[in-house]
Amino acid sequence: MKRIIAVILAIMLLAICCACGRDKANKNNAEKKNNTSSHGSDDTSSGDGDEVDPADDQSLTPGSVSLEDDTITETYITVDDDNNIAEILPEYGTAPATLNTKWNADCTRKSGYSDAQANALREKVLGSGNTASIYKITGTTYYVSPRGNDDNDGKSPQRAFKTTRASVFSRNILKPGDAVLFERGGLWRLTNPVKCKEGVIYGSYGEGEKPTFYGSAYNYANSEFWVPSTRENIWKVTVADIDVGLIVFNHGEMVGTKKLNGLIALEKNGDFYFNRNQDTVYLYYDGGNPGKVFKDIEIGLKKAAFTAGNAPDITIDNLRIKYIGAFGISVCGCDNFTVTNCEVGFIGGAIQSGTLRYGNGIQVWNGVDGHRIENCWVYQVYDAAVSFQGDYTYSASRMSDEYKDITYKGNLFEYSTYSVEFWHANSGDTTKGISDAVIKNFQCVDNISRFAGYGFGRQRTDHAGYHICVFSHTFPNAESNAIKNNIFDCSDSYIVRWNFSTDSNYGEWDISGNTYFHGKNRFGDAIWYGGMRSAGNLSTLEAAVRLFDSNPKSIKWIG
């Protein structure tokens with residue numbers, strides 16, 4: 001009898017332990033899903049989007065990432081069988097994010113004339129060698145791997161750090177001459193930017209795809225993340241941030257259209273509205289739960305991936321940067337700033353102020369002496385793929401109106417509203433519209449610019465598409481500058497918009513040897529250079545182009 005009682009007691013104790021274990025696991029999962037942070041700033045939108053939906057069920061929403069956490073590391077490293085390294089599953093989301101970068105954008109005009117050159121350049125960018133084989137590293141090399149540990153010293157691949165919360169990023173450890181190398185095949189989801197240090201190289205090591213940085217806290221392709229609202233075909237998901245710039249489904253199969261005036265404006269698949277008071281994205285989709293339908297959903301937060309201020313001699317090489325709501329790379333007052341062999345895509349869309357929205361793929365702000373962007377692929381940017389710009393009204397420690405020794409060479413720009421943009425706000429006699437800004441030795445050469453204005457920036461209310469965008473900013477102090485040997489293939493508006501009044505207002509430029517593929521667009525625009533010129537056939541296109549380019553290599557009309 002005693003044995004029977006003992007057995008019964010043992011069974012009861014085991015059952016109690018199992019129940020406790022289940023309760024603890026459920027509690028941990030609930031805490032992970034409900035770890036939300038609140039932002040009570042006023043919403044920029046109007047309409048009925050501020051209403052509190054009674055269907056809220058926070059237990060079904062994904063956990064928000066605290067803004068103090070810089071990265072969530074998601075690993076999808078794959079290596080050959082000889083290395084015997086098993087794939088490490090991600091900590092968040094339902095599956096590792098894929099690296100599909102092939103997207104056939106909704107471009108109404110595809111010439112095909114530059115396809116071969118663009119494909120070759122794209123493969124060159126994606127196939128570039130590791131950073132240590134390109135740049136000489138004179139100081140200490142630190143390694144970062146999804147398989148690492150932030151308690152390591154980071155001084156070898158075997159002792160690599162894991163995230164950008166590691167001490168090498170948060171403390172004054174890095175010195176000029178040092179390098180921080182990220183392992184290829186790894187994915188870091190940034191909720192705060194990587195702040196670059198003076199004289200430091202940031203790049204890649206290892207084998208496989210470029211080390212990747214997403215501005216989306218999760219892969220939101222999880223049916224538990226999305227819940228129906230009280231409105232038909234409108235789904236919602238928790239996203240704790242200041243703003244959301246873009247939503248990309250299956251790496252471009254569908255791209256969301258941001259609406260600013262509430263749920264009432266959500267009418268078509270992909271339309272979304274972000275209510276910052278509720279930390280909630282509302283999405284119109286009539287095909288069922290989006291988290292179940294799509295394999296990958298990236299929601300770009302209002303961040304930049306890499307930033308720096310007043311720190312010279314920074315190099316960023318061989319990184320992939322995607323799904324960022326503000327900027328891919330943005331620096332202010334950083335002389336000798338270099339970006340090479342990088343892929344930057346799906347950037348911008350977050351609110352800057354009012355209805356004005358960010359942002360640029362790679363930009364420098366308020367002056368630079370020494371800047372190079374070479375062998376990069378930049379695409380699907382809401383504003384400009386690459387830009388240098390400034391404004392005297394900007395209150396920063398570095399305010400300069402000089403832009404010197406800048407090179408954009410051998411890059412591929414695709415599906416951005418503007419491919420190349422540069423400007424500086426007037427600082428002199430603004431009544432005359434003359435700027436004191438100096439542009440000296442700017443070389444924009446050997447680039448391929450395709451389908452300006454045909455990307456997700458088409459949702460802009462001021463939609464246009466220019467390969468070269470300067471607007472009405474004038475540069476009488478420009479010296480020894482060149483725009484040469486580029487390919488400009490299709491724009492949804494002007495090939496060049498640079499609307500000065502007289503030749504004396506734009507300085508010294510060598511513009512020659514470029515190739516132009518252009519056809520009829522929405523308004524028949526061709527060139528805005530010293531005046532607006534339209535084109536409806538080859539002869540009118542040639543007449544317009546030759547006002548800008550004294551000796552073009554080739555001009556083709558796409559009938």
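Can you spot a residue in segment 208-220 that is part of a strand (DSSP E or B) and small (Gly, Ala, Ser)? Walk me through it before giving the result.
Taking segment 208-220 first, the residues part of a strand (DSSP E or B) are 212-214.
Now restrict to residues that are small (Gly, Ala, Ser): none.
The answer is no; no qualifying residue exists.
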Exercise. What number of residues within segment 331-342 are part of a strand (DSSP E or B), crowded, with 24+ Cβ neighbours inside 10 Å and either touching a Phe, Trp or Tyr at 6+ places or on another chain (Cβ under 6 Å) or not aromatic (Phe, Trp, Tyr) (or both)?
Worked result: 2
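Among the residues of segment 280-298, are any in contact with an Asp or Glu (Cβ under 6 Å, 6 or more places away or on another chain) and closer than 30 Å to GLY390 by Cβ? Let's see the steps before the verdict.
Just the residues of segment 280-298 that are in contact with an Asp or Glu (Cβ under 6 Å, 6 or more places away or on another chain), to begin with: 284.
Restricting the remaining residues to those that are closer than 30 Å to GLY390 by Cβ gives none.
No, that holds for no residue.
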Problem set entry | Residue list for segment 188-231, restricted to those being surrounded by 24 or more Cβ atoms within 10 Å (Cβ to Cβ) and of a type in the set (Lys, Arg) | ARG189, LYS210
For this session: State whether the residues of segment 473-484 include one that is surrounded by 21 or more Cβ atoms within 10 Å (Cβ to Cβ), closer than 30 Å to LYS268 by Cβ and hydrophobic (A, V, I, L, M, F, W, C).
Result: no
Exercise. Which of the residues belonging to segment 411-445 are modelled with pLDDT of 75 or more, surrounded by 18 or more Cβ atoms within 10 Å (Cβ to Cβ) and not in a strand (DSSP E or B)?
Worked result: ASN411, TYR415, SER416, THR417, ALA437
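Residues to consider are GLY177, GLY139, GLY185, GLY154; find the one that is on the phi > 0 side of the Ramachandran plot and surrounded by fewer than 21 Cβ atoms within 10 Å (Cβ to Cβ).
Working: GLY139 fails: on the phi > 0 side of the Ramachandran plot; GLY185 fails: surrounded by fewer than 21 Cβ atoms within 10 Å (Cβ to Cβ); GLY154 fails: surrounded by fewer than 21 Cβ atoms within 10 Å (Cβ to Cβ).
Result: GLY177 is the single residue among GLY177, GLY139, GLY185, GLY154 that is on the phi > 0 side of the Ramachandran plot and surrounded by fewer than 21 Cβ atoms within 10 Å (Cβ to Cβ).
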Exercise. Does GLU224 satisfy being among the charged types (D, E, K, R), in contact with a Cys (Cβ under 9 Å, 6 or more places away or on another chain) and in a loop (DSSP other than H, G, I, E, B)?
Worked result: no
Exercise. In segment 358-387, what residues are modelled with pLDDT of 95 or more, in a loop (DSSP other than H, G, I, E, B) and within 18 Å of LEU301 (Cβ to Cβ)?
Worked result: ASN360, GLY361, TYR382, ASP383
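Quick one: in segment 303-330, of everything that is part of a strand (DSSP E or B) and β-branched (Val, Ile, Thr), which residue is nearest to ILE242 (Cα to Cα)?
ILE324
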Problem set entry | Search result, residues across segment 248-274 that are among the polar types (S, T, N, Q) and either buried (at least 21 other Cβ atoms within 10 Å of the Cβ) or touching a strand residue (DSSP E or B) at 6+ places or on another chain (Cβ under 7 Å) (or both) | THR257, ASN269
Exercise. Is it fair to say THR355 is at pLDDT below 95 and either under 12 Å from the mean Cα position of the chain (by Cα) or of a type in the set (Ser, Thr, Tyr) (or both)?
Worked result: yes
Problem set entry | Those residues of segment 501-559 which are closer than 28 Å to ASP462 by Cα and of a type in the set (Gly, Ala, Ser), in sequence order | SER501, GLY519, GLY524, ALA526, GLY530, GLY531, SER534, ALA535, GLY536, ALA543, ALA544, GLY559
For this session: Collect the residues in segment 491-520 that are in contact with a Cys (Cβ under 9 Å, 6 or more places away or on another chain) and either among the β-branched types (Val, Ile, Thr) or surrounded by fewer than 23 Cβ atoms within 10 Å (Cβ to Cβ) (or both), keeping them in residue-number order.
Result: VAL496, PHE517, GLY519
Exercise. Among the residues of segment 445-455, is there at least one that is in contact with a helix residue (DSSP H, G or I) (Cβ under 9 Å, 6 or more places away or on another chain) and over 22 Å from SER416 (Cβ atoms)?
Worked result: no
Problem set entry | Subset of segment 150-176 [within 21 Å of GLY208 (Cβ to Cβ) and not hydroxyl-bearing (Ser, Thr, Tyr)] | GLY154, PRO157, GLN158, ARG159, ALA160, PHE161, LYS162
Exercise. Listed residues GLY288, GLY300, GLY349; which is in a strand (DSSP E or B) and either touching a helix residue (DSSP H, G or I) at 6+ places or on another chain (Cβ under 9 Å) or of a type outside the set (Asp, Glu) (or both)?
Worked result: GLY300
Problem set entry | Residues (hydrophobic (A, V, I, L, M, F, W, C), touching a His at 6+ places or on another chain (Cβ under 7 Å) and farther than 23 Å from ASP115 by Cβ) located in segment 437-494 | ALA437
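Can you say whether GLY300 is surrounded by 23 or more Cβ atoms within 10 Å (Cβ to Cβ), in contact (Cβ under 8 Å) with a residue 40 or more places away in the chain and within 17 Å of the chain's Cα centre (by Cα), as far as the supplied structure shows? Walk me through it before giving the result.
Details: surrounded by 23 or more Cβ atoms within 10 Å (Cβ to Cβ): yes; in contact (Cβ under 8 Å) with a residue 40 or more places away in the chain: yes; within 17 Å of the chain's Cα centre (by Cα): yes.
Here the answer is yes, as GLY300 does meet what is asked.
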Exercise. Quick one: is ASN514 within 23 Å of TYR415 (Cβ to Cβ) and polar (S, T, N, Q)?
Worked result: yes
Exercise. Of the conditions (1) among the β-branched types (Val, Ile, Thr); (2) outside any loop (DSSP other than H, G, I, E, B); (3) more than 16 Å from the chain's Cα centre (by Cα), THR230 fails just one. Which one is it?
Worked result: (2)
Seminar exercise, completed: ILE247 fails exactly one of (1) under 28 Å from TRP377 (Cα atoms); (2) in a loop (DSSP other than H, G, I, E, B); (3) of a type outside the set (S, T, N, Q); (4) within 17 Å of the chain's Cα centre (by Cα), namely (2)
Seminar exercise, completed: Selection from segment 282-295 of residues surrounded by fewer than 22 Cβ atoms within 10 Å (Cβ to Cβ) and within 15 Å of LEU246 (Cβ to Cβ) yields PHE294
For this session: Would you mind stating whether GLY328 is farther than 20 Å from GLU232 by Cβ, free of Cβ contacts under 8 Å to residues at least 60 places away in the same chain and surrounded by 24 or more Cβ atoms within 10 Å (Cβ to Cβ)?
Result: yes
Problem set entry | Counted residues, segment 265-311 - those being of a type in the set (Asp, Glu), modelled with pLDDT of 95 or more and at negative phi | 4
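The values are calculated or read from the model by the stated rules, or taken from the named source; none is laboratory data. Everything quoted here is computed from the prediction, not taken from an experiment. Cβ atoms come from the backbone with ideal geometry, glycine included; neighbour counts cover every protein chain shown.
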